[in-house]
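Heads up: the structure comes next, in structure tokens.
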Amino acid sequence: MSDEGLRSRVLEGGAFLAVRKAIGIAVSLGGMLLLTRWIGAHQYGTFATISGIWIYVSDLCINGMNACLIREGEGGVRKPLDLAFTSILAASGAAAALGAALSPLIGDWLRNRDLVWPFAAMLAALPLNALQIPAMAVLERELRFRQIALIEMNAQLLYYGVAIGLASSGFGVWAPVAGCLAQGAATTALGLFHSKYRPAFHWDAALFARMFRYGFGHTVSSRIMGLRSLVAPLLVGRFVGPEGVAFVALGVRLVESLGFAGAAIQRITFAVLAKIRQEPARVESAMNQALLAQVLAIAPFFAGFSAVAPWAISVFFGSDWTDVLRLYPYMTIVCFAASIFSVHVNILYALGRNAAVIRFHLLHIALFAGTAAALVPIAGLTGYAAAELASLLSYAAIHAPVSRLYRMRYANAFLFAAACVPCLFSSYLPMPWGALLFAPLLLLVTAPSPRRELLRMGMQAFKFR
């Protein structure tokens, strides 16, 4: 594909994903508002615990096959797709049976027996991944992000339609569980329709070994980082309770929703870098432009929400949820770092240098989970916030291997991110003193030279030369 053709596909795909994410914010926050009000913090915390564990198990079963299929090449390469279908079906079926058997033990550890049967029901849907992953991989490797955006948006609408409808009828934790099952079924059906993929059993030991090696390296690294999602269910759930898990889950959902534009950029980065990975000059240019693009994409939403967060949380979710404000600044700071350095992770994955990503993820989770394990039992949510800050030290480990391959220019991205940090803590101070924390960001965006540079870089953000 030519430079101009690739640029056009990236711009079009990024626009569709960004619009899909923007619509998703309204749907997600509105749906979550109704859902949490109808089922309460305890039941929502129970669901957050179930979904956190389910997502982790699901990704283990997929074993990085989605990334491997995207990297395999263009067009309708059937054998890798069918092999992925066969292997994921076998792994997810075994995991569903094992997880259902262990669900009573998980309930005992978390001192919450309410999750046993809903968790077993979620596990029963794991085999849907065998159909969904190959179908969506076809769309991603062909950069058909318009179809992907429509699929995800329709599935999300179905999730909230089912979940809110059942929640209003008093189904408690079963309401979001049923919504998730409907969402997974819709994503699978729509993915199969748009990709034209028709599953078939296939086995090729040599091909499986090659795909497994790449997928295993990808899965090991991503599942090490995925242990992050288990800290809240397994530590906060045990020592703070389901309500604590609910506060963490709402904080994560807010940060993910407000970071929708950055997520759209991250979504397309791997596919693009995988295509140009053999051209170092183009890769370096694309990566450096993406650094600032990531920050510019998320900073306005994070800073803007900080200005209204105390009012918004109290009015829309209720005074019982204000503990989320204690977590939001720390989660957002980590999100800034993760967005910037996601570029590094994607190029290392594209180059097949999974070992470097594994080392980074090991350090990250050791700092985060280790700090949480030490502090959550004695400090509760404050200990969780401290663990978020501790994890920032790990990002030096992902800079090192990339800096040996490419010359990275961080100045503008770091400057803009640093100016945003003070305003994230505005809810910690009463007004008007909290408003003073927005001064660094206002000075930066109004100063002529930085403003011109930021605008110039922002305009160039998606031009992969």
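Summary of values
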| quantity | calculated |
| --- | --- |
| Yes/no for residue 384 being modelled with pLDDT under 95 and out of contact with any Pro (no Cβ under 6 Å at 6 or more places or on another chain) | no |
| Subset of the range 427-465 [aromatic (Phe, Trp, Tyr) and modelled with pLDDT under 55] | 462, 464 |
| Subset of the range 113-155 [touching a Lys or Arg at 6+ places or on another chain (Cβ under 7 Å) and assigned to a helix (DSSP H, G or I)] | 149, 152, 153 |
| Condition met for residue 28 (open to solvent by less than 50 Å² (accessible area, probe 1.4 Å), part of a helix (DSSP H, G or I) and at pLDDT 85 or above) | no |
| Which numbered condition residue 388 fails, given (1) over 19 Å from the mean Cα position of the chain (by Cα); (2) assigned to a helix (DSSP H, G or I); (3) of a type in the set (D, E, K, R) | (1) |
| Filter result (of a type in the set (Phe, Trp, Tyr) and surrounded by fewer than 21 Cβ atoms within 10 Å (Cβ to Cβ)) within the range 358-414 | 395, 406, 410, 414 |
| In the range 186-197, the residues that are of a type outside the set (Phe, Trp, Tyr), out of contact with any Pro (no Cβ under 9 Å at 6 or more places or on another chain) and either assigned to a helix (DSSP H, G or I) or modelled with pLDDT of 90 or more (or both) | 186, 187, 188, 189, 190, 194 |
| Candidate set from the range 71-83 (those that are of a type in the set (Asp, Glu) and modelled with pLDDT under 85); member that is least open to solvent (accessible area, probe 1.4 Å) | 72 |
| Checking residue 68 against (1) closer than 30 Å to residue 301 by Cβ; (2) among the hydrophobic types (A, V, I, L, M, F, W, C); (3) open to solvent by less than 50 Å² (accessible area, probe 1.4 Å), the condition it does not meet | (1) |
| Number of the condition not met by residue 351 [criteria: (1) over 21 Å from residue 265 (Cα atoms); (2) out of contact with any Phe, Trp or Tyr (no Cβ under 6 Å at 6 or more places or on another chain)] | (1) |
| Residue among 240, 173 that is surrounded by 20 or more Cβ atoms within 10 Å (Cβ to Cβ), over 23 Å from residue 58 (Cβ atoms) and of a type in the set (Val, Ile, Thr) | 240 |
| Residue selected from the range 42-56 under the condition in contact with a Gly (Cβ under 6 Å, 6 or more places away or on another chain) and either surrounded by 22 or more Cβ atoms within 10 Å (Cβ to Cβ) or under 14 Å from residue 130 (Cα atoms) (or both), by the criterion modelled with the lowest pLDDT | 49 |
| Helices (runs of 4 or more DSSP H) fully within the range 244-356 counting 2 or more residues that are open to solvent by less than 10 Å² (accessible area, probe 1.4 Å) and over 19 Å from residue 145 (Cβ atoms) | 280-312, 324-350 |
| Failed criterion for residue 157 (all others in (1) open to solvent by 40 Å² or more (accessible area, probe 1.4 Å); (2) under 19 Å from the mean Cα position of the chain (by Cα); (3) within 29 Å of residue 234 (Cα to Cα) hold) | (3) |
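So that you can scan it fast, the table gives a plain yes or no per residue for (1) over 26 Å from the mean Cα position of the chain (by Cα); (2) in a helix (DSSP H, G or I); (3) at pLDDT 80 or above:
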{"position": "184", "(1), (2), (3)": "no, yes, yes"}
{"position": "200", "(1), (2), (3)": "yes, no, yes"}
{"position": "203", "(1), (2), (3)": "yes, no, yes"}
{"position": "209", "(1), (2), (3)": "yes, yes, yes"}
{"position": "215", "(1), (2), (3)": "no, yes, no"}
{"position": "221", "(1), (2), (3)": "no, yes, no"}
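The values are calculated or read from the model by the stated rules, or taken from the named source; none is laboratory data. Small disclaimer: the values here were computed from a predicted structure and weren't measured. Glycine also receives a Cβ, built like all others from the backbone with ideal geometry; neighbour counts cover every protein chain displayed. Each accessible area value is taken on the protein alone, full model and side chains, heavy atoms only, with ligands, DNA and RNA left out. Shrake-Rupley method; radii C 1.70, N 1.55, O 1.52, S 1.80 Å.
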